[in-house]
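Here is the structure we will look at.
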Amino acid sequence: MKNIQLIGIVGAGQMGRGIAQFAAQTGFQVILFDAFKNSLDFGHNFIKTQLDKGAEKGKWSADDAKAAFGKISVTLEMSDLKNCDLVVEAATEKKDLKLDIFKKLDEIVKDGAILASNTSSISITEIAAVTKRPQVVAGMHFMNPVPVMKLVEGIRGLETSDETFNTVAAVSEKMGKTFVRAQDYPGFAVNRILMPMINEAVYALYEGVASAKDIDTAMKLGTNQPMGPLELADFIGLDTCLAIMNVLHDGLADTKYRPCPLLRQYVAAGRYGRKNGKGFHIYESK
């Protein structure tokens with residue numbers, strides 16, 4: 001297996017900053033990159049706030065929080081990722097954007113370094129094919145929120161080597177995560193199961209089966225889920241849910257994966273969920 005010490009993160013949004021925080025807390029040096037200064041500054045400050053809150057609550061010591069934050073450097077230049085042993089892309093779930101990022105990373109990052117994507121649905125084989133190093137490209141699908149959720153879904157592309165896959169598994173486990181292995185099919189394992197459930201809940205709302213509140217209450221109390229499916233969709237982001245359903249529908253060519261028209265309508269109206277305060281439920285701005 002490869003020796004991973006320096007991890008680069010592409011994207012300082014919700015997933016990227018979570019991965020950066022947890023990697024630093026588990027002993028890795030981290031470089032967090034984002035092309036937008038506002039996003040980078042917000043993400044970096046958010047990490048510090050979360051580490052300080054954790055220390056105040058006794059989850060870890062103030063010294064541990066300070067040490068973890070000290071392991072994270074930030075940059076607006078992708079070229080600063082050149083010496084990383086592993087780079088995890090955590091950009092928006094848009095295929096063209098991810099392909100462009102991997103083309104650039106392939107030119108920038110040192111030979112032999114692993115390039116991983118946090119994608120929740122897009123083909124790792126297709127992502128790897130735009131690089132000259134498909135054998136060292138893999139999927140590392142962290143769950144949200146990263147510091148809380150215990151799972152990393154590993155996805156093996158067609159050309160991913162055993163050494164690469166074993167290394168991303170070892171890195172995940174060093175972070176204290178449970179690593180599950182999935183093949184490179186649309187939606188992988190988690191979203192192949194989760195997103196159709198969410199989509200069916202949207203259909204139930206669309207068809208007037210029950211209100212959004214009652215659908216969520218029924219699923220929480222009837223199936224012991226911590227969140228109802230519509231609340232979870234709001235948490236993930238309705239735009240992201242729609243993007244994943246489109247990948248499933250296009251990739252598997254089965255009408256059972258057709259995104260609900262109501263989901264499309266909400267996204268078209270700009271109702272994305274918690275991220276902007278309005279989805280299937282209304283959220284107070286903080």
Note to self: C-alpha centroids of segment 4-54 and segment 140-172 sit apart, in Å, by 18 Å
Selection from VAL146, THR160, ALA35 lying farthest towards where the dipole of segment 6-183 points positive, charges on Cβ:
VAL146
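Treating only the Cβ atoms of Lys and Arg (+1) and Asp and Glu (-1) as charged, compute the dipole magnitude of the chain about its Cα centre; round to the nearest 20 debye.
Dipole size: approximately 400 debye.
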Excluding ARG258 itself, what net charge comes from residues whose Cβ is under 12 Å from its Cβ, given Lys and Arg +1 and Asp and Glu -1?
-1
Round to the nearest 0.05 the FRET efficiency obtained for ALA210 and LYS57 when R0 = 45 Å and r is the Cβ-Cβ distance.
0.75
As I understand it, the dipole of the chain uses +1 on the Cβ of Lys and Arg and -1 on the Cβ of Asp and Glu, about the Cα centre. Which of THR125, ALA212, PRO259 lies farthest toward its positive end?
ALA212
According to the square roots a ≥ b ≥ c of the eigenvalues of the Cα gyration tensor, what is the shape class of segment 184-242, taking rounded for a/c under 1.5, prolate for a/b larger than b/c otherwise, and oblate for the remainder?
prolate
When a/c is below 1.5 the answer is rounded, else prolate if a/b is larger than b/c, else oblate, so apply that to segment 76-165 with a ≥ b ≥ c taken from the square roots of the Cα gyration tensor eigenvalues.
rounded
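Cross-link list LYS2/LYS103; LYS103/LYS278; LYS110/LYS275: which exceed 32 angstrom alpha carbon to alpha carbon?
Listed pairs above 32 Å: LYS103/LYS278; LYS110/LYS275.
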Per DSSP, the loop-located GluC sites (Glu not before Pro) within segment 10-108 having at most 11 other beta carbons within 10 Å are GLU77
Cross-link reach list, lysines versus LYS104, counting only Cα pairs under 17 Å and skipping chain neighbours closer than eight places
LYS82, LYS94, LYS95, LYS132
Tell me which of LEU6, ALA24, ALA201 sits at the most positive position along the dipole axis of the chain, charges placed on C-beta atoms (Lys, Arg +1; Asp, Glu -1).
ALA24
Just to be sure I understand: of the beta bridges DSSP finds with both ends in segment 6-183, what percent are antiparallel, rounded to 5?
15 percent
Net +/- balance of residues flanking LEU158 in space, Cβ distance below 15 Å, scoring K and R +1, D and E -1
-1
For segment 191-274, the dipole about the Cα centre with charges only on Cβ (Lys and Arg +1, Asp and Glu -1), to the nearest 20 debye, works out at 60 debye
Restricting segment 177-286 to GluC sites (Glu not before Pro) in coil, as DSSP defines it, with at most 15 other Cβ within 10 Å:
GLU207, GLU284
Can you give the local net charge around GLY13? Use residues other than it whose beta-carbon is closer than 15 angstrom to its beta-carbon, Lys and Arg +1, Asp and Glu -1.
+1
Just to be sure I follow: if Rg is taken over the C-alpha atoms of segment 150-286 and Rh is the Kirkwood radius over the same atoms, what is Rg/Rh?
1.03
At R0 = 41 Å, FRET efficiency that the Cβ-Cβ distance of LYS174 and LEU221 yields, to 0.05:
0.65
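Every number here is computed from the coordinates shown, using simple stated rules; none is lab data. Fair warning: this is a prediction, and the values are worked out from it, not measured in the lab. Glycine gets a Cβ as well: all are built from the backbone with ideal geometry, and neighbour counts include every protein chain shown.
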